[in-house]
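The numbers here are math on the coordinates, done by the rules we state, and not lab data. As the structure is a prediction and not an experimental result, all values here were calculated from the model. Cβ sites come from the backbone with ideal geometry, for glycine too, and all protein chains shown count toward neighbours.
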Ligand code: BTN
């Protein structure tokens, strides 16, 4: 896929702009990039603070993936960011489904939004927010930037092209060998194999995170039985005391 990169000094949200364009019939391959966002959005309706110095972009794709499998797009985007960070010499971890962590601090997040028509995924937007330059307020909210982690300034040029190359590869894999994508994602996971608490309507259950499926869901084993979890808010890593 060839990218058409569109750069804005300021947007409400790159995901919102990509959505407007998708609705107007824009073909896949559009990358909407903003130097800052007025209304950056995170998952679960949270605000994604977006001052200059971060990388804020949304990729528009029209993937050949059935809607029930569209969760794998989040895996693709999360893996692409983690791989890019690893290529810079850092050791990122993916917190399911797609938070990119350096130790306990969050470096990047992904907001995937899909649109379904009949039994097809008409379009999908992969929104990526990556803390690139140092921002004093990050420490207070448990965040970290690439510059802080590497101890030197990191320019956009160092990150954007490798990231988009990795997104291209991951999107191809998501429509080809999805099992390989899930395996690649899993290599960055610190959760798999570990004890987690899985919150259900009947209360908390303690189990082991076993694997991530190609549809992006997490399998948790509790007392010899496997449960499929689709909502990240229901799973917490159990604290080791
Ligand atoms: C999260 O961790 O909650 C996801 C954060 C995603 C933020 C990015 S920044 C670019 C794109 N535009 C948005 O409004 N959100 C995503």
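Sorted by average packing, counted as other Cβ atoms within 10 angstrom per residue and highest first, what order do 222-233, 80-91 take?
Going from most to least packed, we get 80-91, 222-233.
Over the alpha-carbon set of the stretch 163-227, work out the extent along each principal axis and list the three values in angstrom, largest first.
Projected onto its principal axes, the Cα set of the stretch 163-227 covers 43, 19, 19 Å.
For residue 23, project a label point 7 Å along Cα to C-beta. Then give me every residue of the stretch 101-130 with its amide nitrogen under 12 Å of that point.
Correct set: none at all.
For a protection proxy built on the mean count of beta-carbon atoms within 10 angstrom, sort 209-216, 40-47, 135-142, 158-165 highest first, please.
209-216, 158-165, 40-47, 135-142
Considering just Cα atoms, how many Å³ per residue does the convex hull of the stretch 128-188 enclose?
Convex hull of Cα atoms, per residue: 101 Å³.
From the alpha carbon gyration tensor of the stretch 1-108, can you work out the equivalent ellipsoid semi-axes (sqrt of 5 times each eigenvalue) and give them in Å, largest to smallest?
22, 19, 14
Quick check on the exposure proxy: order 79, 3 from fewest to most C-beta atoms within 10 angstrom.
Numbers: 79 27, 3 16.
Least crowded to most crowded, the residues run 3, 79.
Test of understanding: extend the Cα→C-beta vector of residue 91 to 7 Å, then name every residue of the stretch 152-188 with backbone N under 17 Å from that spot.
187-188
Report relative contact order for the chain in percent, whole number only (criteria: Cα-Cα under 8 Å, sequence separation at least 6).
Over the chain, the number comes to 17 percent.
Can you give the convex hull volume of the alpha carbon atoms of the chain per residue, in Å³?
Taking the convex hull of the Cα positions in the chain, it is 135 Å³ per residue.
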